Amino acid sequence: MGQQAASQGSAMGMLFPLAIFAVIFYFFILRPQKKRQKAQNELLNSLGRGDQVVTIGGFFGTIRDVKDDSLIVEIADGVKVKVLKSAVATKRTQSQPAPQPQKESDAQGAPEEKDAETK
């Protein structure tokens with residue numbers, strides 16, 4: 001009887017860490033992935049004509065037509081491309097300005113400001 005009780009305790013001792021590992025796996029890997037997938041699906045379902053989007057390739061454009069699984073996106077005046085809906089990374093809003101390239105004076109540390117500080 002003593003050996004049987006010891007083997008049951010040993011089995012429980014092995015299953016407990018496995019159960020803890022499964023719980024950690026769920027909360028740190030599976031659950032966040034499901035949340036990201038749900039948010040991406042909501043984004044794709046909300047796309048419509050006139051929306052400004054950024055593709056996973058980095059192209060900024062405006063949606064001109066929505067098809068079943070693809071979009072026609074205008075990335076420049078008269079330049080339209082067909083992309084899959086899944087290739088849309090984000091939807092831009094009017095409050096998000098397009099990134100502006102830095103001026104040469106800004107990239108060099110604005111020499112006008114340095115002169116003013118030394119005087």
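Just so it is clear, none of the values below were taken in a lab; they were calculated from the coordinates. Computed from a predicted structure; not experimentally measured. Ideal geometry is used to build each Cβ from the backbone, glycine not excepted, and the neighbour counts take in all protein chains shown.
Structure notes:
- Restricting the calculation to Cα atoms, segment 48-96 shows an Rg/Rh of 0.92 when the hydrodynamic-style radius is the Kirkwood one.
- Unsatisfied cross-links (Cα-Cα over 22 Å) in the set LYS34/LYS82; LYS34/LYS67; LYS35/LYS80; LYS34/LYS85; LYS35/LYS91: LYS34/LYS82; LYS34/LYS67; LYS35/LYS80
- Convex hull volume of the C-alpha atoms in segment 1-91, normalised per residue: 110 Å³.
- VAL23/ARG64 FRET efficiency (R0 41 Å; Cβ-Cβ; nearest 0.05): 0.30
- Full-stretch length increase - ASP77, GLN40 - with 0.36 nm per residue and alpha-carbon distance subtracted: 10.5 nm
- Segment 48-96 - percent relative contact order, Cα under 8 Å, separation 6 or more: 36
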